[in-house]
1. With charges only on Cβ, +1 for K and R and -1 for D and E, what is the dipole size of region 4-131 about its Cα centre, in debye, rounded to 20?
2. Amide H to amide H under 5 Å from LEU105: which residues, 5+ apart in sequence or cross-chain, H placed 1.01 Å off N in plane?
3. Over the chain, what relative contact order in percent results from Cα pairs under 8 Å that are six or more residues apart?
4. Using the Cα centre as the reference, give the magnitude of the dipole from point charges on the C-beta atoms of the chain (Lys, Arg: +1; Asp, Glu: -1; all else neutral), rounded to the nearest 20 debye.
5. For region 137-345, what does the alpha-carbon gyration tensor say about shape, rounded, prolate or oblate, given a ≥ b ≥ c as the root eigenvalues, a/c under 1.5 as rounded, and a/b over b/c as prolate?
6. Looking at region 1-108, which trypsin sites (Lys or Arg not before Pro) are DSSP coil and have at most 15 other C-beta atoms within 10 Å of their C-beta?
7. Kindly write out, for region 191-201 in residue order, the coupling ³J(HN,Hα) from the Karplus curve 6.51 cos²θ - 1.76 cosθ + 1.60 (θ = phi - 60°), rounded to whole Hz, with x marking Gly and Pro.
8. Averaging sequence separations of C-alpha pairs under 8 Å and six or more residues apart, then dividing by the length of region 137-345, give the relative contact order as a whole percent.
Amino acid sequence: MQKIRVLVVDDSATVRKRLVDALGADPAFEVVAEAADGEVGWELCSLLHPDVVTLDMMMPRVDGLEATKRIMATCPTPIVIVSSRSQSEMRGALDALSAGAVDALDKPSSDDRAWDSRLRAVVRLIAGLKVIRRPRALQDLGPAPRDRREVEARDVVAIGASTGGPAAIAEILHALPASLNATVLVVVHIGPQFAPLLAEWLGHQTSIPVRVARDGERLSTSPARAEILLAPAEAHLTVRDGALAHDFGPEQHRCRPSVDVLFHSVAEALGPRAIGCLLTGMGRDGAQGLSAIRAAGGATIVQDEATSVVFGMPRAAIELGAADDVLPLLAIAPHIACLATRASHAVTRDRRGP
């Protein structure tokens, strides 16, 4: 069986040894090279074409964010960021995810032997993924969504994503108009160490206020202005009796928060007022819930394969017949804005033309 070839980039010799030893403990992996800074890491990636790169954030000459940008621009390769728990490094890791990195792990403690297995699981998962250079470099918006007459105003948007999700969500939120009269609820599968900073980081990508949803707060009806509310770390986000709730029930699809849990609650509580949007991700989380939103009269959107880092979750929704529209990433925000605006006609022309 062909081995998974890994390039390890970290300025700490101690951390590099831990990564190399963790990967070397499984014969399925081969560390093809090590680098102590992002400049050399980028050059080795271009030369060796590894299956996966593990990348530190704080390094001399070229840091992890700049190395990610260079790798994704010249030799796109699945990248897993390995960062410390400092706020500056975690913010940098989120920026790297937006620039094209696929996943992120916190650095291991000396006595955490379970971390080695987590590293191998992540590297095995992302090896061989099709990665795209930069979401905002995409030019083809694809066809406009099909015409819908007598569009009902929809004032709640539920978005779910997993692998590749932070970058995709940032792209959508960046493009949503500040005048959007809707509340946006977001579930993204991300390590709990990054969750507290995710709202702050996404807030820098959009002019719409972003924060973590509060347990028990009322969900605004026809809000005067848009607001983006994120699921809390390690709890499901649900809508119950016109309010948002944190649910610490069992994991769904090995996830908490789960996209399916949010989508099912939105379908039941809001029906035709809802827009469900399922983005890039591994597995099936969100597919059943999106189908429930569609059955309840809500509008549903799925990211297409060409712009997804991983097409697992979107494919599962399409196979269930849950998608009203399958759209490239850059077409999703304009379509959400259209659906959230009361009008007698939806978009009927190609958005690329006058």
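1. Computed charge dipole of region 4-131: roughly 280 debye.
2. ILE81, VAL82, SER83
3. 15
4. Roughly 680 debye for the chain.
5. Rounded, since a/c falls under 1.5.
6. Loop-located and lightly packed - LYS3, ARG61, ARG85.
7. In residue order, the calculated couplings are x, x, 5, 9, 4, x, 8, 4, 4, 4, 5 Hz.
8. Taking the mean separation of contacting Cα pairs over the length of region 137-345, I get 27 percent.
Only the coordinates and a few stated rules stand behind these numbers; no lab work does. Here the structure is a predicted model, which is why all the values come from computation and not from measurement. Neighbour counts are summed over all protein chains in view; Cβ atoms, including those assigned to glycine, are modelled from backbone coordinates with ideal geometry.
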